[in-house]
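First the structure, in the form of structure tokens, and then the observations on it.
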Amino acid sequence: MPLRAHLSDIVGDAFASLGLDRRFGEVVPASRPQFGDFQCNGAMAAAREAGRPPREIAADVAGIVARAPEVAGVDVAGPGFINITVADDTLGNLLDGLCADARLGVPTVDRPQVVVVDYGGPNVAKPMHVGHLRSTIIGDSVARIFGFVGHRVIRDPHFGDWGLQMGMLIVELERRRPDLPYFDPDYTGPYPQEPPVTLDDLQEMYPEVAARCADDPEWAAKARRATVELQQGRPGYRALWEHMVKVSQESQRRDFADLGVTFDVWYSESTVHDRVGPMIERLRRGGFVEESDGALIVRVDLPDDTRELPPLILVTSDGGYLYGTTDLATIEMRVEDMGAELVLYVVDARQSDHFEQVFRAARKTGIAPPDVGLEHIAFGTMNGPDGKPFKTREGGVVRLRDLIEMVTAAADKRLTEAEIARDYPPEERERIAQQVGLAALKFGDLINNRVSDYVFDLERFTSFEGKTGPYLQYGAVRIKSILRNAADRGFEPGPIVAPTVDAERTLMLWLTRLPDVVTRALELRAPNGIAEFAYELTSVFNRFYERCHIIGETDPGRRASWLSLVRLTLDEISLLLGLLGIDVPDRM
Ligand code: ARG
């Protein structure tokens, strides 16, 4: 059992033996280490309930807790804080156990669930941009955290391939190339195997036609009509659509691969197309659907709402399905076919109304049974140095591809400056630059509370100093080389013994915290606590390494014990970075 939980039990027992609620016994790491390792603040709350002075309760509890062999000292401070110092032997034994545990003390969940993580979310013909970058980085980390604690995770990018942008691209290509067979209603096939457009064509066409549709209602109507015809199965449009989806997804899959991100299913909005008709029919029969100006809607407002939430539009007046329609049918598919018990949508905070509408509609109609969780894991914006959403110098959207290239180049420059990996073979050095670049990008994002906006600062993110991915990576690589150097001298890790040096003891205490860190990240669906702890653990380790001269230590038992601490630290940091999707090179 994790140390903090174990001590909470001991202190909880003490409260219980005084006839008080054992909940009061919860301990937390001490806010000021000079007073002890852990503290319990429960006496104050217990005092209110019991009508006794808090210090008196604290003293009684302390008297009982002091008898536990795991406890070396207890005292009462201030209004009734109970400060606890753990026995050194206990610490040594505990750490020894951690070394033997492949999970490093992190428990698996009692009830594993099928968890669908919906993240990435690129759209056909639109290059992936910084919004998709955050979704991909955060979603990947959340999926890793859920998987590590034992949930069965299904990762799904939910490609956007069924919306109005498809109709826009169809009418735009028809304007440019009316001769293509896709547009001839009398043509009966077969359609050409070769795609009529490249991804570059699509990316050039999309902003142009989007602007025209915004200015010209007639074009907008045309695009809507083409979207409906596509959805209803017009053969030429479907054939063209398949080409457009294919060229887009090829490039997007490459982007994901370069980020070290993968999915278990590669579904999209159109995956559920065949479910939509029957779903609407069922909702209609169930009395959930209303007609409004020719459209079919589901009302989702509730009596207690403080602001108006518009209804979810299922079918537009011209017969088209929208983003929310496919999202609702996707919930049905995830519940019925995939057995989802929890669905996490890692999507920009600006879509929170959309998800509120979809979730409410899913609850109201029974598409999502009450025991299936639906959560919008929202995140803020990545801003440029000017504090506004990150744009190219020309004011355009920053493509993910360009961003990856930018951080890799910056990482490469940093390696040169720091004379790291200088004489390595070119391929290895290139791989290290990629790994460092990705670490910079991912850590720079994940260290922030996900709902906050943050500023993309290439200089800071790629630095080998401070709270950065490269700093942590470099720290972990250095630990690997400490272990290699020791092994070269024939020094191997051995049983962990009770600490004798402060910096050593502090490291040991920190190493016991991992389970709480992971559990909290899981509960909050937020990786920033993991990023923060990885940084702190690295700093605590550095202080230990300064004070404890491993190679020079003459007591072989102590040296072996220290080497085990070194290895355990490496294992924890590698695990933490792994949960953030960051690789540690073998050497740098
Ligand atoms: N394609 C969407 C976008 O670019 C994100 C998809 C998110 N997932 C979902 N199930 N709606 O904004």
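A few notes on this one:
- Nitroxide proxy distance, nm - points 7 Å out along Cα→Cβ at THR306 and ASP274: 4.6
- For ILE154, the residues whose modelled amide H falls within less than 5 Å of its own, excluding neighbours fewer than 5 places apart on the same chain, are VAL115, VAL116, VAL117.
- Near GLY73, the amide H atoms lying under 5 Å from its own belong to THR85; only residues 5 or more places off or on other chains count, and H is placed 1.01 Å from N.
- Note on the chain: helix-only mean residue ellipticity at 222 nm, from DSSP H runs of 4+ residues weighted -39500 (n - 2.57) and normalised by residue number, equals -17000 deg cm²/dmol.
- Pairwise FRET efficiency - THR392 versus ARG177, Cβ, R0 = 30 Å, nearest 0.05: 0.55
- Residues whose amide H lies under 5 Å from that of LYS391, counting only those 5 or more places away or on a different chain, are GLY384; hydrogens are built 1.01 Å from N in the peptide plane.
- Straight-line cross-link partners of LYS413 among the aspartates and glutamates, defined as a Cα under 14 Å from its Cα and at least 8 positions apart when in the same chain: GLU405, GLU430, GLU459.
- In this label model, ARG401 and SER17 are separated by 6.9 nm, measuring between points 7 Å along each Cα→Cβ vector.
- Table column - 3J(HN,Hα) (Hz), the range 511-518, Karplus curve with 6.51, -1.76, 1.60, x for Gly and Pro: 5, 7, 7, 3, x, 5, 5, 5
- At R0 = 56 Å, FRET efficiency that the Cβ-Cβ distance of ALA214 and GLU459 yields, to 0.05: 0.90
- Inter-part distance where the range 163-211 and the range 31-78 are each reduced to a Cα centre, Å: 73
- Whole-number percent relative contact order across the range 122-212, with pairs defined as alpha carbons under 8 Å at least 6 apart: 40
- Unsatisfied cross-links (Cα-Cα over 32 Å) in the set LYS246/LYS442; LYS364/LYS442; LYS126/LYS388; LYS222/LYS246; LYS126/LYS222; LYS246/LYS467: LYS364/LYS442; LYS246/LYS467
- Between helix 273-285 and the chain: long-axis angle, C-alpha atoms, 0 to 90°, nearest 10: 90
- Phi angles across the range 316-333 convert, under the Karplus curve 6.51 cos²θ - 1.76 cosθ + 1.60 with θ = phi - 60°, into 3J(HN,Hα) values of 6, 5, 9, x, x, 9, 10, 3, x, 5, 5, 5, 5, 5, 5, 4, 4, 5 Hz, Gly and Pro given as x.
- Separation of alpha-carbon centers, the range 476-551 and the range 394-415, rounded to whole Å: 32
- GluC sites (Glu not before Pro), loop per DSSP, at most 12 other Cβ atoms within 10 Å - longest free stretch of the chain: 1-307
- Helix 426-446 vs. the chain, principal-axis angle (Cα, 0 to 90°, nearest 10): 90
- Angle in degrees between helix 469-488 and the longest Cα principal axis of the chain, rounded to the nearest 10: 50
- Per-residue HN-Hα couplings for the range 553-567 [Karplus 6.51, -1.76, 1.60; θ = phi - 60°; Hz; x = Gly/Pro]: 5, 8, 6, x, x, 5, 4, 5, 5, 4, 5, 5, 5, 4, 5
Each reported figure results from applying straightforward, stated rules to the coordinates on display, with no laboratory input. Note that the structure is a prediction, hence the values are computed from the model and not measured. Ideal geometry is used to build each Cβ from the backbone, glycine not excepted, and the neighbour counts take in all protein chains shown.
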